[in-house]
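K.L.:
Quick one: the structure is below, questions incoming.
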Amino acid sequence: MDSNEARELNEICREVRTLTMDAIGRVGVGHVGGSLSIVDALVVLYHRHMRVDPQNPRKEGRDRFVLSKGHAGPALYAVLAGKGYFDKSLLATLNQPETRLPSHCDMNLTPGVDMTAGSLGQGISCAVGIALGARIRKDGARVYCVIGDGESQEGQVWEAAMYAAHMKLDRLIVFTDYNGQQLDAPIEEINSLEPLVDKWRAFGWNVIDVPDGHDVAAIDAAIVRAKTCREKPSMILLHTIKGKGVSFAVAAGATPTTSNHNMAVSKEQWRQALEELKGEGGHG
Ligand SMILES: Cc1ncc(C[n+]2csc(CCOP(=O)(O)OP(=O)(O)O)c2C)c(N)n1
Ligand SMILES: [Mg+2]
């Protein structure tokens, strides 16, 4: 990826973060931290890799995306709106009664959402099943999935990991949003995942460690590499910052008594977030 392409993607990331914070700020509460930490990965995926048709969201043989950490729905909705799956004005209905954009992803409500998620651990299992189905149909689809690091404390994740490797699902590419935080405390305090690279390797996966999970060029390079791997599923570990791009959100995650997980956003914070995101290139 050249520097112009990276600049363009960073600009899209900035817009996606803005749309995400605008939607959450409007409701006054939402999963700020975990939405902002995966923006860059979603943007690189949808703008450079996913073979999809926003005009025909259920097209046969399309690539699939499973947001296993389904509580980060707001970030995915902002990306999907940017791709033209639905009008950006719909984002203002986030998590309102009768909305098509619920806090957690629902494939029966939102155009472009391929799998319902929210009960942590289940999404990656669904992604394994979808990848298996695509292989049986020989439709050429790749399946991408994002799990959380807190989610990785679920036993179901490791059952899925074992089976995907056993079935040699090399068209399955999973990302771990390694933001170091769970619902109300650091991963290291609750139940450490380390050594995480070794664990995924031991489970038979092709593992790619991305030290800066907000670096669009590095994310892109990791996906390109993962696509060339044969006979193994790939795990891309993204070291990220929960709340990336919004200072009060990052700060709320940094003290033991506050949280940026499902956080209240005051009118003043809503305004402040949008102001901060006017800065350069999504790297606030
Ligand atoms: C099976 C299950 N247990 C508990 C929860 C409640 N829960 C929602 S999000 C969350 C923390 C998830 O942490 P992580 O995966 O690291 O998400 P992120 O930091 O990316 O927001 C928890 C415990 C849930 N949704 N599903
Ligand atoms: Mg986390």
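K.L.:
Pairs of alpha-carbon atoms within less than 8 angstrom and 6+ residues apart define the contacts here; what relative contact order does the chain have, in percent?
P.N.:
RCO, the chain: 25 percent.
K.L.:
Can you tell me what share of the DSSP beta bridges in the chain is antiparallel? A percent to the nearest 5 is fine.
P.N.:
Beta bridges within the chain, antiparallel portion: roughly 10 percent.
K.L.:
What does the extension gain come out to for ASP87 and LEU274, with contour length at 0.36 nm per residue minus their alpha carbon separation?
P.N.:
Between ASP87 and LEU274, full extension yields an extra 65.3 nm.
K.L.:
By counting other Cβ atoms within 10 Å of each Cβ, how are LEU90, LEU67 ranked from fewest to most?
P.N.:
Placing the least packed residue first, the sequence is LEU90, LEU67.
K.L.:
Next up: Name the residues whose placed amide hydrogens come within less than 5 Å of the amide hydrogen of ILE208, ignoring near sequence neighbours (fewer than 5 apart) on the same chain.
P.N.:
Amide H neighbours of ILE208, under 5 Å, 5+ apart: MET235, ILE236, LEU237.
K.L.:
Just rank LYS242, LYS278, fewest to most, by other beta-carbon atoms within 10 angstrom.
P.N.:
The fewest-first ordering by Cβ neighbours comes to LYS278, LYS242.
K.L.:
Would you kindly give the portion of the calculated P(r) for region 3-276 that falls above 32 Å, as a percent of all Cα pairs?
P.N.:
The answer is 17 percent, as a whole percent.
K.L.:
Quick one: CYS126, CYS229, fewest Cβ neighbours within 10 Å first, how do they rank?
P.N.:
CYS229, CYS126
K.L.:
Percent of Cα-Cα pairs more than 26 Å apart in region 154-284, please.
P.N.:
Tail of P(r) above 26 Å: 35 percent of Cα pairs.
K.L.:
Please give the contour-minus-distance gain from GLU159 to THR228: 0.36 nm per residue of separation, less the Cα-Cα distance, rounded to one decimal in nm.
P.N.:
Full extension of this stretch gives 22.4 nm more.
K.L.:
Still on this model: With just the Cα atoms defining each centre, how far is region 136-183 from region 58-125? Give it in Å.
P.N.:
18
Values in this text are rule-based calculations from the coordinates and carry no lab data. None of the values given here were measured: they were computed from a predicted structure. Note: ideal-geometry Cβ built from the backbone for every residue, glycine included; neighbour counts use all protein chains shown.
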